[in-house]
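Each remark here refers to the structure printed beneath this line.
Each reported figure results from applying straightforward, stated rules to the coordinates on display, with no laboratory input. Since we're looking at a predicted model, the values are computed, not measured. Cβ placement follows ideal geometry from the backbone for every residue including glycine, while neighbour counts extend to all protein chains displayed.
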């Protein structure tokens, strides 16, 4: 004996198994399915026939999943774009500020030599280079969102501390090129490279993961 | 039956035009398009929802959960300001294509 509620529950399970999310869009699709069944039954069809027609009308789970995945990808791409615009703007402001200070020998840089000026500008360039590598999608691929979030929210601190240690104890003491006057341990060299990685990685990690996921979806769709 | 590429391309202007008359929901939109095209424009029902969600994300339409006459949950969609602008653009472009086609068709009979 055909049981409509059981059949709808089984259809829901199929949709969930295919990756259709709940409550949205699954609730909306179920509402549509029930409405279609109801209308068909009103026009004289029995429940089983109406259900069979309705699931045919609504389409297969894997097809729907791939269409909804495109919507999700558009959302992520838009958020990513906004994030990257902000990162590039921040990078631009920071680079411009330090470059101007160094070139015009402003504030604490008033007494720097030409070599020290070069050293400061090199630190700015390293920051831009590292940010560029990250933003151009050459970040490592980390597919787990939680790990990416952890890196993005913490790497300003973790990476900063690690770099301070490496620079303060390894690089700085052995090379005077990195030391700018009035800035203990070469302030710009301590601050700017991790900032570059931070600017680049926040957008870059998401971009790299999205690229990898899109490629996986594409190959799954072709197979 | 109309080719699927044309069905896909016409989805957005049709949805925008239908919603410009007032808020509506998925099932009603599909039924209306079917009725107005004498069943020649047929969407796979489920495929309408990704289109609606994409349009909502682009800020063309907005949605709210309401209730049907029978008390079931139902999602209603309505047009936003950007949707009206997009609809006007669609009308302009489709009218242009239509007028070119009609013009060419007339020339064939001269």
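GNM remark for chain B: springs join alpha carbons under 10 Å apart, and the peak mean-square fluctuation among B:74, B:54, B:36 falls on B:36. Between 0 and 90 degrees, the angle of helix B:4-19 with respect to the longest Cα principal axis of chain B falls at about 60 degrees. For the pair residue B:82 and residue A:122, what calculated FRET efficiency results from E = 1/(1 + (r/R0)^6), where r is the Cβ-Cβ distance and R0 = 41 Å, to the nearest 0.05? Rounded to the nearest 0.05, the efficiency is 0.30.
Rounded to whole Å, give me the distance from the Cα center of the stretch A:90-115 to that of the stretch B:38-110. Their Cα centres are 55 Å away from one another. In chain B, the longest principal axis of the Cα atoms and the axis of helix B:48-57 are about 80 degrees apart. As a length-normalised measure over Cα pairs under 8 Å and 6 or more apart, the relative contact order of chain B settles at 27 percent. At full extension, residue A:43 and residue A:187 could sit 44.0 nm farther apart than now, given 0.36 nm per residue minus the alpha carbon distance.
Shape class for the stretch B:15-96, computed from the alpha carbon gyration tensor (a ≥ b ≥ c): oblate, with a/c not under 1.5 and a/b at or below b/c. Please list, short to long, the whole-number percent of alpha-carbon pairs of the stretch A:1-105 in consecutive 5 angstrom bins beginning at zero. Result returned by the calculation: 2, 11, 15, 14, 10, 8, 6, 5, 5, 5, 4, 4, 3, 3, 2, 1, 1, 0. For the peptide A:37-45, the mean number of other protein chain Cβ atoms found within 10 angstrom of a residue's Cβ is 1. Here each label is just a point 7 Å from Cα along the line to Cβ, and for residue A:10 and residue B:92 those points are 5.3 nm apart. Compared with the dominant principal axis of the Cα atoms in chain B, helix B:26-36 is inclined by about 30°.
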